[in-house]
Amino acid sequence: MAGSAVWHPNTQMSEWESFDRIVRGDGMWLVDSRGRRMLDGVASMWCNVWGHSNQELVQAIARQAQRLQHSPLFNLTNGPAETLAGMLVKASPGMYRAFFSDNGSSAIEIALKMAIKYWQNTGENKKTIIASLKNGYHGDTLGAMSAGYMPEFFDSFRSHTFRARQFDAPSRRGTRRGSGRSQDKDAYDTDRCLDIMEKALAGNDRIAALVMESGAQVAGGVHIFPDGFQRSVQRICRRHGVLLILDEVATGLGRLGSMIQYMSQQSPPDIVVYGKMLTGGYLTMAATIATKRIHDAFLGRYDDSVHLFHGHTYTGNPIAASAAVQNIRMYKKYRLIRHVERASRIFAEQTDMIRSMDAVVDIRTKGLLMGIEVSEDRMPSNAGSANKVFFEAGMRNGIYLRTLGNVVMLVPPLAISEEELGMVVRRAVKTIRDVTNS
Ligand SMILES: *Cc1c(COP(=O)(O)O)cnc(C)c1O
């Protein structure tokens, strides 16, 4: 509303006279102050799992809020944080200890600090360089921007970021209009990317860690890794003494169709990061989880200063942890991953139809993630940012969208019914047609 004191994220404020005010959430639907209902097509920034106002989650939060609201992990512990750490470590093969923070960017910073100090603690002081993949995204804080450096977003801050050694991620050869399955290995320049990476890692003994998104690059425009790529990167890192940090903030916990994405990619990392969907999308919490080898390198006498110099005020907040514990329990109780597998077939069945649309350049999908790339030439001129144009057309069609430029993202809550998922696709297609007049 005009006169609101809120400064909105990643938003050109002059472009918006007012913002639609959401007053209530009801399952897969958002309800605004005028009583309009729209489908949550992006799971409220990719984090909602069960839909809004799920009573099991709300009750878990309310029960904990009655008893203990916040208690820090400094010198103390609390039940929900301990239970959650145990569950996460058990669900993540090879992992040993979970370090909690409040958001994905912080959790990435923690992973980077763990990696750098791991090598110091083991006497390899020269291993300080962070490697990553071009077009990867790891968050908006300085360290996360450095690792996931994208010039089009972060250029203004270049002088304050550190230089990561960035490698190409595989891209599809030939025509951009996709042919065949999006993960079809032969369609990519995977071998070239792996070759360059292997030579660089073999020839540089100063690289501490390689950080990459697990399974797919999401914020970079929904690019799904071809089969076998991530497993090969893991092997290369292992061969050359480089730690592997996998960012599952967006892709873990079911989004791409498996609970732990690195398991389906057969690429056990040294450190894994979870975020967005950890609390079912209800409260803010992230986790950085490390193997025993990493953790034990931080053990010593206090005066040795080998412990991890990192802590946040709200680390391990019991209300957020209670939400996360309840969320993870419900994955099993309701066989959520099986539901995602079934539901994602609806996405897969629609790809040919969407790809055949005139204005669509490419479509990429895996699990309950879909990116539909709309031709720049088909965007209305002088209408403002692509995101705003799609958002407004989406609102008229009863669906909440937040695009990445001209890539329309469909990222519904994981527990969405097959019927509602069909509605998401139909409303998104209608929105693309409205915007591009096709
Ligand atoms: C969203 C995201 C982050 C950052 O998480 P925030 O909670 O927004 O700080 C990091 N990595 C990936 C892959 C993400 O999608």
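We did not get these values from a lab; they are worked out from the coordinates using the rules stated. What you see is a predicted model; the values in this text were computed from it and never measured. Because the Cβ atoms are built from the backbone with ideal geometry, glycine has one as well, and the counts that use them run over all protein chains shown.
Cα centroids of region 91-150 and region 380-428: how far apart, whole angstrom? One Cα centre to the other: 32 Å. If you count Lys pairs in region 260-396 whose Cα atoms are under 26 Å apart, skipping same-chain pairs closer than 8 places in sequence, the total is 8. Calculated on the alpha-carbon coordinates, the convex hull of region 318-438 measures out at 111 cubic angstrom per residue. Please figure out what share of the DSSP beta bridges in the chain is antiparallel and state it in percent, rounded to the nearest 5. If we restrict to bridges inside the chain, about 65 percent are antiparallel.
Counting beta carbons within 10 Å around each of S417, S381, S171 and listing the fewest first gives the order S381, S417, S171.
Averaging the Cα positions of each part gives two centres, and for region 9-75 and region 258-308 these lie 26 Å apart.
Could you compute Rg(Cα) / (2.2 N^0.38 Å) for region 236-277, with N its residue count?
Values: Rg = 10.8 Å, N = 42, 2.2 N^0.38 = 9.1 Å.
Compared with the compact-globule rule of thumb, region 236-277 sits at 1.19.
Summing Cβ point charges (Lys, Arg +1; Asp, Glu -1) relative to the Cα centre of region 256-381 gives a dipole of roughly 760 debye. Ordered by the number of other Cβ atoms lying within 10 Å of each residue's own Cβ, fewest first, E341, E17 fall into the sequence E17, E341. Residues E109, E248, E376 in ascending order of nearby Cβ atoms (within 10 Å, fewest first): E376, E109, E248.
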